[in-house]
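Peer 1: Here it is, the structure, as C-alpha cells.
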C-alpha cells in the first residue's frame, strides 16, 4: 500500500549516510576470510574496468577496501547482484583488517539495496549490529547516522511513531556534531512525520529549520527538496503566497541541474495552489505538463493526480463528459497498478460528478465504492499499527527473557564461586584447628567479652528507639534546653562554647521550621487558602538554585546529583506553565528525599524531557530517581495515608517529619497532574509528574 506521506520523503531517506555492522545477518553473510580478486572479466566500461584491474593487483589493505566500495557503487547503477558481491568483499576485507570505516561503508551500501528490495527486516538486523559497533567505539556521528537510518527503515514499514522516536534520538547527536547536511535531511523527515500525524505547526517548524541550514549554499540541489517540503507546510496552513514563492525558488534550482523528476513534483504543488486560487487556466496548463512528464518517466502517482486535476477543471467549466473521461483514465490506471488511494479518490470524484449531473443513483454507487476502498485502507493501516505494537511487545518480551537468562547465569556463577570459596574455607579451617584448640581458654575469654559487647549494643538499641519515639518533640526540647543554658551560662562561656550551643539551637530550629513549613503548606492546601497561579517559567532557571542547594547537601553526604535537560527544540528554552513557588517546593522536596534515602556513593538524577500531546502542545515530564534503599509495595501504597503515615530516617540517620511528600502530591494535583511512584526495595525509587 502506498504511503500517504509525500514521495520525495523516500529520496531524502536514501540520501542520509548510513553506518556499518560489526557482523552480518545470516541471510547475507559471506565467508569472513578475505579472498583476493585475482581474476576479473572486462565489462566495456572504461572507468569500471580500470578499477577492476587495479583491484586485481592491489595488496589486501584499506585502499583495496575503498576500491571494492567504489566498484560496488558503479555496479549499483545497472547490476544489483554484482554490487552486492563487491560490497560483501568490502565487508570481508574490513573484518580481516579490523577496519571500522569499511564496516560502516558496507552497512550503508548493503542496507540501501535491501531497502530498495523492501527487505526491511534484514536491513534492520544489519543496522542494529552496526549500532552496537558504533556504541562500543563511542562514535557519536556514526551512532546518529545509524539511528536515523533505522528510523528510515521503520518509515518504509509505515511505522511512523517508531520512526519518529529514532529520528528524535539521532537529532541531538547531529546537532552536537554540527552536521548541517544530515541535520537538514533529518529536519525534513521529522517534519513529514509530523505532517502525517496532523501536527502542522511542528511540520512547518522543522521544515523551516531544514531550509535555513542551506542559506550559505542557495544553489544546492538538496535545498530544492527542503524548499518543497516547507512550501507544502505553508500550503497546509493556507499561506499560499509564501508556499508559491518557495516552490518557484525550488524550480529555479532544479532547472540548474535539469532535474525533471523533481520539477514535476514542483509543478504538481504549483497546480494545487492554482486550484485553491481557482485559476483554472493555470491549473490546466500545469497539469497537462505534469501528465506528459509522468508518462515519460513512468510516475503513476503523478499521472493520476494530474489527470484528476484536469477533471476538476473540466467539471468547474461545466464540461462533465470531458471530466468523466479524465476520471475514467485515472481509475483504469489506478486499478492496473493497484494504487488504493487513487482508486478511492477516483471513485469519490466520480460520485461528485454524477451528483453534479443529477444522476443520484450512480452518485450513490460510486460513493459506496469509494467508502469501501477507504475502509480497506483504514483496515490495512490498523493492521500495520497492530503489527508494530506486536513487534514492540515481542521485542520487550525477548528482552525480558534475556534479562531472566542473564539473572540465572549470574546466579549459577555466584553459586560456583561460593562453592569454590567454601572449599577453600574448609581447607583453611582444617589448617587452623590445632591453633584453635590451643587457644580455647583465650577463646572463652573473647566470647565473654563479645557477650558483654552485645549486652551493651542491646542497651544502646533500646535507648535509640526511645530517642526515635520522641523525634518530633526532640527539636523543641533541645532548643529550650540550649536557650536555658545560654541564658544561665553565657557570661561564663568562651566563644567556642557559645558557637557550639548556637549551632545546636540552629539545628533544632531548622527541624522545627521544616515541620512548621510542611504543616502550614498542608493546612493552607486543605483550607483552600493557597492559590495555584501558573505562569510561563523557564524550567532551567527555576531549577538551577534548587540544584545548587541540593548539591551542597548531597556533596556533604557523598551522593552524586545528575541532571538531564532534554529540549523539544534546539533553539527554544524549556518553558512550562506552573506556579513557580509550588513547583520549587515540589522539586526541592523530591530531591531532598532522594538524597536522604540514598547511601554514600549513590546517584540522584533529575530529568526534564518533552512529550507531545494530542493538542500539538509540548508538555514536560519532571522525574527524580535515585539508587537508594527503595520501598516495598505496601510502603508505597501507604505513603500518602495520614492514618498510617510514618517517618523513616535517611541512610545517614537524617530525620524528617514524613509530611513533605503529602504536600508535594497535593501541590502537583493543583496543577492538574499526578505524582507517580516507581520503587523497589534495595533498588531505589523514581518519582515523576507532568507539567
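The values are calculated or read from the model by the stated rules, or taken from the named source; none is laboratory data. If you're wondering where the values come from, they're calculated on a predicted model, not measured in any experiment. So basically every Cβ, Gly included, is an ideal-geometry build from the backbone, and we count neighbours across all protein chains shown.
Peer 1: Can you tell me which residue is farthest from residue 171 (Cα to Cα) among those in segment 187-214 that are part of a loop (DSSP other than H, G, I, E, B) and at pLDDT below 85?
Peer 2: That would be 198.
Peer 1: Name, by its number, the condition in (1) within 24 Å of residue 374 (Cβ to Cβ); (2) not in a helix (DSSP H, G or I) that does not hold for residue 345.
Peer 2: Exception for residue 345: condition (2).
Peer 1: So, one more: Report whether or not residue 609 is more than 15 Å from residue 592 (Cα to Cα), at pLDDT 75 or above and part of a loop (DSSP other than H, G, I, E, B).
Peer 2: In short, no.
Peer 1: Among (1) closer than 28 Å to residue 171 by Cα; (2) assigned to a helix (DSSP H, G or I), which single condition is residue 219 missing?
Peer 2: (2)
Peer 1: While we're on this one: Given the conditions (1) surrounded by 21 or more Cβ atoms within 10 Å (Cβ to Cβ); (2) under 25 Å from the mean Cα position of the chain (by Cα), and given that residue 138 satisfies all but one, which numbered condition is not satisfied?
Peer 2: Going through (1) surrounded by 21 or more Cβ atoms within 10 Å (Cβ to Cβ); (2) under 25 Å from the mean Cα position of the chain (by Cα) one by one, residue 138 breaks only (1).
Peer 1: Next up: State all residues of segment 550-577 that are out of contact with any helix residue (DSSP H, G or I) (no Cβ under 8 Å at 6 or more places or on another chain) and assigned to a strand (DSSP E or B); if no residue qualifies, say none.
Peer 2: 562, 564, 577
Peer 1: Is it fair to say residue 285 is farther than 22 Å from residue 204 by Cβ and in contact with a helix residue (DSSP H, G or I) (Cβ under 7 Å, 6 or more places away or on another chain)?
Peer 2: No, not satisfied.
Peer 1: Please give the number of the condition residue 323 fails out of (1) free of Cβ contacts under 8 Å to residues at least 24 places away in the same chain; (2) closer than 28 Å to residue 262 by Cα.
Peer 2: Result: residue 323 fails condition (1) only.
Each row is one residue, and each column tells you yes or no for (1) in the same structural domain as residue 665 (by TED's automatic domain parsing); (2) under 26 Å from the mean Cα position of the chain (by Cα); (3) at pLDDT 75 or above.
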residue	(1), (2), (3)
491	no, no, yes
504	no, no, no
508	no, no, no
552	yes, no, yes
557	yes, no, yes
564	yes, yes, yes
575	yes, yes, yes
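Peer 1: Moving to a separate point now. Give just the number: which of (1) without any contact (Cβ under 8 Å) to a residue 24 or more places away in the chain; (2) not in a helix (DSSP H, G or I) does residue 248 not satisfy?
Peer 2: Among (1) without any contact (Cβ under 8 Å) to a residue 24 or more places away in the chain; (2) not in a helix (DSSP H, G or I), the lone unmet condition for residue 248 is (2).
Peer 1: Read through the list (1) over 18 Å from residue 571 (Cβ atoms); (2) buried (at least 21 other Cβ atoms within 10 Å of the Cβ); (3) without any contact (Cβ under 8 Å) to a residue 60 or more places away in the chain, then give the number of the only condition that residue 219 fails.
Peer 2: (2)
Peer 1: Give just the number: which of (1) modelled with pLDDT of 80 or more; (2) under 10 Å from residue 306 (Cβ atoms) does residue 268 not satisfy?
Peer 2: (1)
Peer 1: Shifting gears a bit: Where the second residue is crowded, with 20+ Cβ neighbours inside 10 Å and part of a helix (DSSP H, G or I) and the first is on the phi < 0 side of the Ramachandran plot and not assigned by TED's automatic domain parsing to the domain that holds residue 45 and lies in segment 63-78, which pairs have Cβ atoms under 6 Å and are six or more apart or on separate chains?
Peer 2: Short answer, once both residue conditions are applied: none.
Peer 1: Applying the selection to segment 187-206, what residues are more than 13 Å from residue 569 (Cβ to Cβ) and buried (at least 21 other Cβ atoms within 10 Å of the Cβ)?
Peer 2: Within segment 187-206, 188, 189, 192, 193, 195, 203 qualify.
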